[in-house]
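Trainee: Before anything else, here's the structure in question.
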Amino acid sequence: MRKIAADIIFPIHTQPLTNHVLVLEDDGTVADILPITELDNASIEKVSGALVPGFVNAHCHLELSHLKSKFPEKTGLPQFLSLVTQQRNVPIEIINEAMEMAEKEMITNGIVAVGDISNNSNSFYVKAKRNLYYHTFIELIAFDPARANGAMQNGEQLLSEARGYGIHASLAPHATYSVSPDLIKSINASCYANGKPTSIHMLESNDENEFYIQASGLYRKLYRELGVDIKHFNPTGKTALESLLPYFNKEVPTLLVHNTIATSWDAEWAEDIHPNLFWCFCPKANLFIEDRLPDIPMLMQHVQYIAVGTDSLASNHGLSVLTEIQTIQHQFPELPTSDLLRWATQYGAKALGINNQYGTFEKGKKPGVNVLTGITSTQTNLADTVISRLV
Ligand SMILES: [Zn+2]
């Protein structure tokens, strides 16, 4: 047994507690949270700061870790995608080394579980070591509906390869501008049948809506550059979200990633038609690529669940969920730390379907324990806190 007292404990599923002790089994399972007066003082380990459950990084691309510091910042998404596509062919040893370093960084930064996008099987061997919990989203790209079946076959093959490694995985459409309604329907049928979540990059820039509303703008240019045929595409006259969300299965937990340009109307409309949405913010990547952030204080008024991701090292300087929520609070100081911590733990775990084990200090869970220095009952601002991993 380990009995840990701190200035404040954030169990997440209940209000923060002072003068309490987190009691853990030897294997890190939460046994209880008890008032400090009920325990023998000599048996208590005292740490300074706040205790919070392990962080869930709801959106990452481990396989892009070797692209750290390779791209210029603030280019806008279409230009960024064009650069990433040109940089994919790198010797596997370099990719492997970068993924292992990235994983170590996440562990140091108190991350216990990751929703990770994979376009290939490069990351599977790292994930099979189970140093972290991974849910792999096997990402499919096929804008032409005639290519949807082929994309599904590749996806199913990668899924069975993932199962061979003992990895948790499901299929996910890449982004609104790179999939068809047919492909979204097939992917959702697969996720529903397997009881697994899905994910999609959503509303990252105005170019995305411009393309759906009138088939113009930078995406049209990108497709020309990449030689992608878009003759089949009829603009819908609606936003990208409104055009595609109806093809998702309402029973399937769905991460909408980025939402940089989402409006209050988008959020309310989407919540009305889909009860299992998780709005995932990756603020550091948004600043890196688009140099803007979603209107998070507005969106949190309209949506039920928010999660936090780091995106990849191609568009971020590090992989730290704490840095992401510090960035949010720096920009929007009115956002309470307890909300930010809930997004970074409980809701990320719920999105990945692992809230029976991660995300809160509830009895029987094994969520990992982080210490945030400098956080007390009277000083909860995250600005200067430093994380260390206790369990
Ligand atoms: Zn991403």
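Trainee: Go through (1) without any contact (Cβ under 8 Å) to a residue 40 or more places away in the chain; (2) not hydrophobic (A, V, I, L, M, F, W, C); (3) not in a loop (DSSP other than H, G, I, E, B) for S388 and report which single condition fails.
Mentor: Failed condition: (1).
Trainee: Looking at region 94-113 only, could you name the residues that are under 14 Å from E63 (Cβ atoms) and open to solvent by 70 Å² or more (accessible area, probe 1.4 Å)?
Mentor: I94, E97, M101
Trainee: Follow-up question, since we're still on this one. Which residue, of P197, P181, is under 19 Å from the mean Cα position of the chain (by Cα) and either of a type outside the set (A, V, I, L, M) or within 16 Å of the ligand (Cβ to nearest atom) (or both)?
Mentor: P197
Conditions tested, residue by residue: (1) within 30 Å of G227 (Cβ to Cβ); (2) in the same structural domain as A6 (by TED's automatic domain parsing); (3) within 16 Å of the ligand (Cβ to nearest atom).
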| residue | (1), (2), (3) |
| --- | --- |
| V84 | yes, no, yes |
| P91 | yes, no, no |
| I95 | yes, no, no |
| M101 | no, no, no |
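Trainee: Here is a further query. Considering (1) open to solvent by less than 50 Å² (accessible area, probe 1.4 Å); (2) on the phi < 0 side of the Ramachandran plot, say which one K366 fails and leave the rest.
Mentor: (1)
Trainee: What are the residues in region 49-70 that are surrounded by fewer than 24 Cβ atoms within 10 Å (Cβ to Cβ) and more than 16 Å from the ligand (Cβ to nearest atom), if any?
Mentor: G49, S69
Trainee: Show me the helices (runs of 4 or more DSSP H) entirely contained within region 155-231 in which 1 or more residues are closer than 22 Å to W279 by Cβ and either open to solvent by less than 70 Å² (accessible area, probe 1.4 Å) or of a type in the set (V, I, T) (or both).
Mentor: Filter on region 155-231 gives 181-194, 206-214.
Trainee: Continuing with the same structure: Restricting to region 330-346, give me the number of residues that are part of a helix (DSSP H, G or I) and either buried (at least 24 other Cβ atoms within 10 Å of the Cβ) or of a type in the set (A, V, I, L, M) (or both).
Mentor: So the answer is 5.
Trainee: On to the next question. What are the residues in region 241-292 that are open to solvent by 40 Å² or more (accessible area, probe 1.4 Å) and within 15 Å of the ligand (Cβ to nearest atom), if any?
Mentor: Scanning region 241-292 gives K284, L287, E290.
Trainee: Further question on the same structure: Looking at N316 and the list (1) closer than 24 Å to N381 by Cβ; (2) of a type outside the set (K, R); (3) open to solvent by less than 10 Å² (accessible area, probe 1.4 Å); (4) modelled with pLDDT of 95 or more, which single condition is not satisfied?
Mentor: (4)
The values are calculated or read from the model by the stated rules, or taken from the named source; none is laboratory data. Since the structure is predicted, the reported quantities are computational estimates derived from the model, not experimental observations. Positions of Cβ are generated from backbone atoms using ideal geometry, with glycine treated the same way; all protein chains shown enter the neighbour counts. Ligands, DNA and RNA are excluded from the accessible area calculation, which covers all protein heavy atoms including side chains. Shrake-Rupley method; radii C 1.70, N 1.55, O 1.52, S 1.80 Å.
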